[in-house]
Structure formats: C-alpha cells, structure tokens
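The values are calculated or read from the model by the stated rules, or taken from the named source; none is laboratory data. Everything numeric here is computed off the predicted structure, so don't read it as measured data. We place every Cβ from the backbone using ideal geometry, glycine too, and count neighbours over all the protein chains shown. For accessibility, only protein heavy atoms count, side chains too; no ligands or nucleic acids. Shrake-Rupley method; radii C 1.70, N 1.55, O 1.52, S 1.80 Å.
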Amino acid sequence: MAPFGPLVDAAWLRSHLGEPDLAVVDCRYTLGDPPAGERGWLAGHIPGAAFLSVSADLSGKPRDGARDGGRAPLPRARDFEASARRAGIGERSLVAAYDQAGEGGATRLWWLLRHFGHESVAVLDGALSAWTDAGGELKGGPEQTAPGDFTARERQGDTVALADVERGGLLLLDAREPERFRGESEPMDPVAGHIPGARNAPSQELAPGGRFLGQAELKERLGDEPFVASCGSGITATTLLLAAEVAGVEGRLYPGSWSEWSRRGLPAETGEG
C-alpha cells in the first residue's frame, strides 16, 4: 500500500467516502467550551463521520489540578484504544480526521494514532470548509458506527517530559497565538507568558483556517533543527508536528505544555522571547 497522509484533500475524501476501510472522524472543539464540538457534529458532519471529543477521548483526566501533565494529559493506551474502536478505527483502517478550522483536534488525533502505533492516518487539508467548498454534503444527527479492532501500541521517543524542558538545551516552539505567547492575554492558565527561551510559531500561521502551507514555506518557518512543540495543553502543538512531517523536520511533543509549566511556579517570560 502506498503511504497515506499526513494530509488528504477534499477531492480525495469525496471519491473514497463510504469505502469499508475508511474511517472518518470529526474532532471539532472550542477552547473553553468542551461540548461545542459534539454540538457541531450533531448539527452537521461529513456523512459517516464518527465524533471523538478532544477533552474526553483525545485527552486523559487532569491530575493534581493539572500540575502533573497539564490540562489535557495524554490518554492512557487502553482508554484511547476504546475511543478509537468506538469511532470505527480498525487495524486496517485509513483514518481521515477533520475539525472546524484547524483548531487542533484533527492533528491531535493524527498524532495520537501514530503515537499508539497506527500510521495510516491523515488530516483533511483545509478542514471542514474545504469539504463544503468542494460541494460536499453535511449530515445531521448521530451515526451508527460499527466498532473497530484498533490495538494501541505506545511508541517511545516522540514526547519530552517537564524535567527535559527544565534541563534546557531544547529548541522549543510554542504554537499559541502571539498575544498569549507574549503574555498580553491568558484565558485558561493562571500565569501569562511563555517558557523561557521558547520561540513563537503560531499554529494558525502554519495552517490558516486549517489549510497547511506548502512544504518549502513550512520548512522556512520551522527551520531545519529538531524541535519540541508546546502550546497551552498539548493540543494545537500537534499542528506544528504535522507541519514538521510535511516539511521533513524532526519534532517531538511536550504534552503538558504551558498549562503544566505555569502551575509549577517555574520561571515565565513575557514579550517576544
């Protein structure tokens, strides 16, 4: 089988929709309003798409007031396996994930599936608007999805821990909006600013509205050096990691991100960095 992903376009999805080995997953979410994604899915989704919640399915439960792993820690293997199976994902599935406008849910599923051993996954380039702009129909209401047989096999080496970041020596790219990175606003976490030494690489500049820049431009923006992706809680950081995959640059995830760092009383920087 030819390699699949990391992106698919709406034309490809329209021509393959309904094939038995294709699992389409809606991963919409709104920061600060966890139920919004499912409401959007029920209102209208790509026909046949299952829904996975960023907060309930693609994240574990916060521990110790989010001091251990941040607001959206990685889910345990067995929990993610159950969620993926419920979405119809099997060992042979090609998985196409999408969200509303590149807010990070689709890339989070893309990263998690690879982290847990499933490589055949792609994100819909241009997000849901690419589908509707191409004439794709939307279907309202729930879906009856046959369960899949996906087995989670956790991969090592694609994350870094808080202690690794504290030691320094890592190129840290922060995917948050510039005003949050600079410390001018902070809607979610107790301290404003960023991890000392981090550089800002806003996810929406790499994938405006969910449509990724070309390979050369992504590489120009990310650079050639291996980096660690961070954000508020490890969701939008995965957009940087998909961009890195397109650009051919090595990237790893700091899952706890700013939400873990800021709750530990560790140093914070403000301004451009």
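Is the shape of region 33-106 rounded, prolate or oblate, going by the alpha carbon gyration tensor and its root eigenvalues a ≥ b ≥ c, with a/c under 1.5 for rounded and a/b larger than b/c for prolate?
Because a/c hits 1.5 or more and a/b fails to exceed b/c, region 33-106 counts as oblate.
Which order, highest average first, do 242-248, 154-160, 72-78 follow once you tally other Cβ atoms within 10 Å for each residue and take the mean per peptide?
242-248, 72-78, 154-160
Mind listing which GluC sites (Glu not before Pro) in region 4-108 are in a DSSP loop and have 16 or fewer other Cβ atoms within 10 Å? Numbers along the way, then the final one.
Numbers: sites: 38, 81, 91, 103; in loops: 91, 103.
For GluC sites (Glu not before Pro) across region 4-108 that sit outside H, G, I, E and B with at most 16 neighbouring Cβ atoms in 10 Å, the list reads 91.
Can you grab the distance from the C-alpha centre of region 186-222 to the C-alpha centre of region 25-73, Å, no decimals?
That distance is 20 Å.
Report the charge-dipole magnitude of the chain in Debye, nearest 20, computed about the Cα centre from +1 at each Lys and Arg Cβ and -1 at each Asp and Glu Cβ.
I would put it at about 600 debye.
Based on the Cβ-Cβ distance of residue 91 and residue 221, what FRET efficiency does E = 1/(1 + (r/R0)^6) give at R0 = 41 Å, to the nearest 0.05?
0.70
I'd like the orientation of helix 237-247 relative to the chain: the angle between its Cα long axis and the longest Cα principal axis, in ° from 0 to 90, rounded to 10.
Helix 237-247 sits at roughly 70 degrees to that axis.
Write down, largest first, the equivalent ellipsoid semi-axes of region 150-263 in whole Å, where each equals the square root of 5 times an eigenvalue of the alpha-carbon gyration tensor.
Values for region 150-263, descending: 21, 18, 14 Å.
How many percent of Cα pairs in region 1-127 exceed 26 Å?
I get 17 percent for the Cα pairs in region 1-127 exceeding 26 Å.
Would you mind getting the accessible area per residue of region 89-239, heavy atoms of the protein chains only, 1.4 Å probe, in Å²?
Dividing the accessible area of region 89-239 by its residue count gives 41 Å².
What full-extension length gain, to one decimal in nm, is calculated for residue 14 and residue 264 as 0.36 nm per residue of separation minus the Cα-Cα distance?
85.3 nm
Expressed in nm to one decimal, what extension gain is obtained for the pair residue 185 and residue 156 from 0.36 nm per residue of sequence separation less their Cα-Cα distance?
Contour length minus Cα-Cα distance gives 7.0 nm.
Treat every Asp and Glu Cβ in region 145-273 as -1 and every Lys and Arg Cβ as +1, leave all other atoms uncharged, and give the resulting dipole magnitude about the Cα centre to the nearest 20 debye. Present the calculation step by step, with values, prior to reporting the outcome.
Values: 13 positive and 21 negative charges, 36 e Å.
Result for region 145-273 is approximately 180 debye, rounded to the nearest 20.
Among 229, 124, 254, flag the residue with its Cα farthest along the positive direction of the charge dipole of the chain, charges on Cβ as +1 for Lys/Arg and -1 for Asp/Glu.
Of the listed residues, the answer is 254.
With the dipole of the chain worked out from charges on the C-beta (+1 for Lys and Arg, -1 for Asp and Glu) around the Cα centre, which of 142, 111, 97 lies farthest toward the positive end?
Farthest towards the positive pole: 142.
Less than 19 Å from a label point 7 Å out along the Cα-to-Cβ axis of residue 63: which backbone N atoms in region 140-163 qualify, by residue?
Only 153-163 fall inside the zone, counting backbone N under 19 Å.
If I stretch the segment between residue 134 and residue 82 completely, what's the gain in nm (0.36 nm per residue apart, minus their alpha carbon distance), one decimal?
Contour length minus the Cα-Cα distance gives 15.4 nm.
Over the chain, what percent of the accessible surface lies on carbon and sulfur atoms, probe 1.4 Å? Spell out each step's value before the answer.
Values: 5690 of 11810 Å².
For the chain, the apolar C and S fraction of the accessible surface comes to 48 percent.
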